[in-house]
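The values are calculated or read from the model by the stated rules, or taken from the named source; none is laboratory data. Because the structure is predicted, anything quoted here is derived from the model rather than measured. Cβ placement follows ideal geometry from the backbone for every residue including glycine, while neighbour counts extend to all protein chains displayed. Just so you know, the surface numbers come from the protein's heavy atoms only, side chains and all, with ligands and any DNA or RNA stripped out. Shrake-Rupley method; radii C 1.70, N 1.55, O 1.52, S 1.80 Å.
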Amino acid sequence: MTGMGRIPALGVNVDHVATVRQARRAPVPDPVAAAVLAELAGADGITVHLREDRRHIQDRDVEVLRRTVKTRLNLEMAATDEMVRIALELRPDQVTLVPEKRAELTTEGGLDVVRERAATAAAIRALHEGGVPVFLFVDPDPAQLDASRELGASGVEIHTGTYCDAREPTLVVRELGRVRDATSHALGLGLEVHAGHGLDYQNVGPVAAIPGVAELNIGHSIVARAVLVGLERAVAEMAGRIRAAVL
Ligand code: PXP
């Protein structure tokens with residue numbers, strides 16, 4: 001999902017459209033319809049996380065999205081045998097490997113590629129043999145980036161959650177600096193750099209402005225605004241914030 005020039009591509013995560021549907025085990029709202037609207041409003045890609053517990057996105061959703069997404073489909077998943085099998089059947093445009101814990105509300109931290117080298121390497125190898133580029137969702141930590149490179153990942157998605165959670169101005173500056181340093185470190189290793197988690201309309205600008213960030217994956221803040229103002233407006237406003245930060 002490499003962006004035009006220096007403007008990062010916007011990957012819209014539609015998981016929480018499915019969260020609303022699953023709250024009533026109803027047929028609507030459909031994340032597939034949301035993906036169509038997001039693309040019409042300027043999304044460069046659609047992201048979904050097929051979780052082991054199927055709490056929001058279902059197998060049917062990824063199958064239909066694979067056939068209907070006109071931009072690019074980014075499948076977030078754990079590095080398990082089941083998910084690798086699904087991804088190899090589905091052939092998304094890219095996979096982003098994420099850690100997964102059953103009790104968490106959302107993905108809590110980056111992958112520990114250093115400790116889980118073998119399982120991560122096996123998933124990367126299998127997916128690459130199937131022609132699927134693989135990105136690793138990691139904290140802005142040089143050791144994780146070095147390990148990602150050693151394992152042959154196509155790139156990384158840098159976890160922006162700590163930056164987004166920071167409130168105290170010096171902390172915000174420090175955490176943004178970690179994301180910026182991690183981006184240049186990863187680019188120096190030849191990795192493509194994506195970023196995401198916790199990004200919203202207020203905090204996205206400084207991350208979008210980091211040179212070399214090719215893609216931003218954003219879900220909750222867009223879907224939350226969409227409930228009130230509509231999805232097309234919510235996506236277009238986010239795309240506008242990203243553009244404004246760069247131009
Ligand atoms: N990137 C990754 C790897 C994620 O796991 C998530 C959450 O599913 C996101 C981005 C999007 O995070 P948010 O919903 O906070 O925008």
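Of note, L127 does not satisfy the criterion of being touching a helix residue (DSSP H, G or I) at 6+ places or on another chain (Cβ under 9 Å) and part of a loop (DSSP other than H, G, I, E, B). Contact map, segment 231-243: residues that are modelled with pLDDT of 95 or more paired with residues that are part of a helix (DSSP H, G or I) and open to solvent by 30 Å² or more (accessible area, probe 1.4 Å), Cβ distance under 7 Å, separation 6+ or inter-chain. Pairs shown: L231/L37; E232/L37; E232/L40; A234/R225. Annotation note: Cβ proximity below 9 Å between a residue of segment 149-172 that is within 16 Å of the ligand (Cβ to nearest atom) and open to solvent by 30 Å² or more (accessible area, probe 1.4 Å) and a residue that is charged (D, E, K, R) and in a loop (DSSP other than H, G, I, E, B) (sequence gap 6+ or interchain) occurs for T162/D139. Just one of the listed residues (T71, T19, T47) is away from the ligand (no atom under 16 Å from the Cβ), of a type in the set (S, T, N, Q) and within 22 Å of G230 (Cα to Cα), namely T71.
For the condition closer than 27 Å to E129 by Cβ and modelled with pLDDT of 95 or more, A166 does not qualify. Of all residues in segment 199-225, those that are within 14 Å of the ligand (Cβ to nearest atom), in a helix (DSSP H, G or I), open to solvent by less than 40 Å² (accessible area, probe 1.4 Å) and touching a residue at least 40 places away in the same chain (Cβ under 8 Å) total 5. Which members of segment 138-148 meet the condition of being open to solvent by 10 Å² or more (accessible area, probe 1.4 Å) and under 24 Å from T47 (Cβ atoms)? Answer for segment 138-148, where residues must be open to solvent by 10 Å² or more (accessible area, probe 1.4 Å) and under 24 Å from T47 (Cβ atoms): D139, P140, D141, Q144.
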